[in-house]
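A short reminder: the numbers here are calculations on the coordinates, not readings from a lab. Bear in mind that the values here come from a model prediction, so they are computed numbers and not experimental data. No Cβ is skipped: glycine too gets one built from the backbone with ideal geometry, and neighbour counts run over all protein chains shown.
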Amino acid sequence: MSSLKKWLRADEEDQQAWAVSYLEKKGIRLYSRPGKDYEYLLEIEKFFQKNPHYKLAENSMKAAWRQQKLRGKRKGKTEFSLVISKEKKSKLKALSSKKGKSMNETLEELIDDESARQIEHQKKLIEAKKELNQRLEMTRGAQAVKLNEVEATTDALLYLLDEYIKKMVQCEIDAFKANHASIHDHIGTKDYKESRLSAENEAINQALSKIPAWKKRTFPLDISTKINIKSMLKS
């Protein structure tokens, strides 16, 4: 097999076209040529095989093609110095040999693998954070429901306490009037009743102020809250 035929790749048309162009620039051509570059190149070799100028051109062509292929492989790459320990270099060399790749290719693969691992790890962190936020929102929602239940129960108890105090004061007034009507006429007056209710309310407010609470309250409840509680208790 001729050296050119051994070098050429029959299925690589780019290489063949490049070789024809290279040789023609060196002044090596045939006036009649076959239709395909591959066959044409073999005819050139056959015709010029004893020509020293052709031999030099063929050798330089092969070297130039190797350089071009090398530049193609380096396209998009850059060179830099990297200092590593002898131990790590030996491990990289052994790993490269096991993979059947160069140390550069193996190092790039390791970097790509680690980068992919970091990206995947970041995705998992984002997903975990999203899930945690969802659970937190659910917990907050459940807490809000419980808090509303506690607030409603507290309002209902304060409403019932208000009703009880009113009845208690009224019973107190009725009992006092029945036994001492001629001596304490002022006890049945509106001012007296309001004074008694005010004293009870003040005592309850003092007690409420000492209790840690989500929502501070004053006693008795406002009219709007009373209406809502009364409606709730009737339903």
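The table below lists the values:
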| quantity | calculated |
| --- | --- |
| Sorted by Cβ neighbour density within 10 Å, fewest at the top, the residues LYS193, LYS124, LYS50 | LYS50, LYS124, LYS193 |
| Computed magnitude of the charge dipole of the chain (debye, nearest 20; Cβ of K, R +1, Cβ of D, E -1) | 2240 debye |
| The range 109-222, dipole about Cα centre (Lys/Arg Cβ +1, Asp/Glu Cβ -1), debye to the nearest 20 | 320 debye |
| Mean separation of Cα contacts under 8 Å, 6 or more apart, over the residue count of the chain: relative contact order % | 11 percent |
| Length added when fully stretched, LYS216-LEU136, from 0.36 nm per residue minus Cα-Cα | 26.2 nm |
| Residue pairs, from the table LYS167/LYS230; LYS5/LYS69; LYS167/LYS234, whose Cα atoms sit over 21 Å apart | none |
| Spatial separation of Cα centroids for the range 98-139 and the range 216-235, in angstrom | 57 Å |
| Residue exposure sequence - ILE211, ILE44 - by fewest surrounding Cβ within 10 Å | ILE211, ILE44 |
| Length-normalised contact order for the range 148-234 - Cα pairs under 8 Å, 6+ apart - percent | 38 percent |
| Label corresponding to mean projected area of the Cα convex hull in nm² when calculated from the structure given, among (1) 18.2; (2) 11.5; (3) 33.4 | (3) |
